[in-house]
1. Only one residue in 419, 452, 481 is closer than 18 Å to residue 47 by Cα and over 23 Å from the mean Cα position of the chain (by Cα), so which one is that?
2. Hey, can you tell me all the residues within the stretch 291-311 that are part of a loop (DSSP other than H, G, I, E, B) and either in contact (Cβ under 8 Å) with a residue 60 or more places away in the chain or hydrophobic (A, V, I, L, M, F, W, C) (or both)?
3. Take the residues in the stretch 438-488 that are touching a Leu at 6+ places or on another chain (Cβ under 8 Å) and among the hydrophobic types (A, V, I, L, M, F, W, C); name whichever of them is farthest from residue 61 (Cα to Cα).
4. Any residue that is touching a helix residue (DSSP H, G or I) at 6+ places or on another chain (Cβ under 8 Å) and either outside any strand (DSSP E or B) or more than 28 Å from residue 153 (Cβ to Cβ) (or both) - is there at least one of those in the stretch 312-325?
5. Does residue 207 qualify as being outside any loop (DSSP other than H, G, I, E, B), modelled with pLDDT under 95 and open to solvent by 10 Å² or more (accessible area, probe 1.4 Å)?
6. Residues in the stretch 416-426: is at least one more than 22 Å from residue 87 (Cα to Cα), not in a helix (DSSP H, G or I) and not β-branched (Val, Ile, Thr)?
7. Please state which one of 380, 305 is loosely packed, with under 15 Cβ neighbours inside 10 Å and either closer than 30 Å to residue 417 by Cβ or β-branched (Val, Ile, Thr) (or both).
Amino acid sequence: MASLARSWVCSTCRRKALSQPTQPALIPKNLCSTTSAPRQHDRPFRMAVVGSGPAGFYTAYRVMSRIRQAKVDMYEALPVPFGLVRFGVAPDHPEVKKCQEKFEEVASSPNFNFIGNVAVGNSDGHFGGCTVPLRSLMQHYDAVVFAYGASKDRKLGIPGEGKFKGIYSAREFVGWYNGLPEYANLAPDLTHGDEAVIIGQGNVALDVARMLLENVDVLRKSDITEAAIETLLKSRIKRVHVVGRRGPMQASYTIKEVRELMKLQDVGFHPVDMALIPDEVSKLPRAPKRLMEVVLKGSTAKAEEASKAWSLDFCLSPTEFVGGAEGGHLSRTVFERTSLSDPFDPTSKVSGTGEHLSIPSALAFRSIGYKSVGLPGFEEAGILFDDGKGVIRHDGLGRVYTRGEKPQELQHLPGVYCAGWVKRGPTGVIASTMQDAFSTGDAIAEDWSAEAKFLNEGNSHGWEGVKTEVHDNKCKVITWADWHKIDQVEKERGRSAGKAREKFTSTTEMLAAAV
């Protein structure tokens, strides 16, 4: 693992990957082997990857390194690649984006072809780009890998959620300040009051809190959009509540994100309820011990003296959003206090107490997870999608399931695979996505070596066959060379503003730069 990680991930992700226990059921022993699988086919292996984020690139790399004649076409609905690395990673975390350099190496191979501005099966929210039917991919490739991530967010389902102004999903807000065209016009109102509530205690929730509390002059140096800078400059938010149903021993944030918030200049942290912290923190396992120590130490600035402050509010479950009289804007969020069966057990059960309290909030974000959705054409192709879990059903290694001959029987749909969040759900960091993608890549290579059945036996034409079915022949397909043009212009725009890049926030601008 160490030798491969050293070559293909940044140092930050490598440390996380090597510190995480692997799951033998999901990650085979030969995960890190980079030797080519025995070649038992004399023709090229053509594979389509749907999605150009980390899962897609790491799967492509793995297959290209193990199948000597592999040729990969990567489809991306937007004109620009990298998925959540570009649109989800916090702008003040440039070190996490280092993996883009490795993806560039993959794309430089003559056996790799980027097909940008082309959505597969779905034109919704595509801003006039190209669309090809899923059926076409299934007809022109040996294998299709779905690695398109999670494009929706989960909702709370409580009264007032869709009624009042000032309520946003964290996914919308993160996409907005990172330049995702879908949310370029979000225009969040940060001027209506000085308190904000973030519902959820994962790393995305802490990213949102940091964006609201950080000194704007610090953010100016990052690749955050200028529109976001202008909005944050006008922000009146001084107090942020990061709220969770459970306690600190069950929270899903990690130490890096908590420590960053604690170190913000002139931002104080309100102490947590000590009843939720074990008496002997020193006896906890290393990871929770370090995390509890950071939470207990708190911030350098005192909350009562700092210009801004935040808190981790535990054991609160949202029950209602309440709006004021002025224009239907949010004024407060109502919570029910919860009780933990064992506050110090990471898997403790939670139950409501019937006691409620309100937190003043002119702004609220729900940050309770992203969700994948199935693509048009899945049912026709026999691909099973679990709408409840938001994942494609598979064997644990990425081989996609279809119905068998018997009602309850499941079997692998030959040549169809999945990787990343659409495979395992929206959890983990880039390092865990790398591991997951490698397990899918290994499954593909092993099936090819074993001469298992794939989608097409000797009739795979790849993009040459698919492009005749592009629904709008006037739309522009973006190549990797075109992406380099967009990339160069963004960097030039950034240099003039004293930052790494200034992203385009509309597909029209992106396509114009690619000319």
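The values are calculated or read from the model by the stated rules, or taken from the named source; none is laboratory data. Keep in mind that what you see is a predicted model, and the values were worked out from it rather than measured. All Cβ positions, even for glycine, are placed from backbone atoms using ideal geometry, and neighbour counts span all protein chains on display. Ligands, DNA and RNA are stripped out before the accessible areas are found, and what is left, the full protein with its side chains, is counted by its heavy atoms. Shrake-Rupley method; radii C 1.70, N 1.55, O 1.52, S 1.80 Å.
1. Details: 419 fails: over 23 Å from the mean Cα position of the chain (by Cα); 481 fails: closer than 18 Å to residue 47 by Cα.
Of 419, 452, 481, the one residue that is closer than 18 Å to residue 47 by Cα and over 23 Å from the mean Cα position of the chain (by Cα) is 452.
2. 303, 306, 307
3. In the first step, residues of the stretch 438-488 are kept if they are touching a Leu at 6+ places or on another chain (Cβ under 8 Å); the result is 438-440, 442-443, 466, 476, 478.
If we keep only those that are among the hydrophobic types (A, V, I, L, M, F, W, C) too, we end up with 438, 443, 466, 478.
Values: 438: 8, 443: 13, 466: 22, 478: 21 Å.
Among residues in the stretch 438-488 that are touching a Leu at 6+ places or on another chain (Cβ under 8 Å) and among the hydrophobic types (A, V, I, L, M, F, W, C), the one farthest from residue 61 (Cα to Cα) is 466.
4. Yes, because at least one residue in the stretch 312-325 is touching a helix residue (DSSP H, G or I) at 6+ places or on another chain (Cβ under 8 Å) and either outside any strand (DSSP E or B) or more than 28 Å from residue 153 (Cβ to Cβ) (or both).
5. Working: outside any loop (DSSP other than H, G, I, E, B): yes; modelled with pLDDT under 95: no; open to solvent by 10 Å² or more (accessible area, probe 1.4 Å): yes.
Answer is no for this residue.
6. Yes: one or more hits.
7. From the options 380, 305, the qualifying one is 380.
Each row is one residue, and each column tells you yes or no for (1) charged (D, E, K, R); (2) farther than 30 Å from residue 249 by Cα.
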site	(1), (2)
136	no, yes
153	yes, no
188	no, yes
193	no, yes
200	no, no
208	no, no
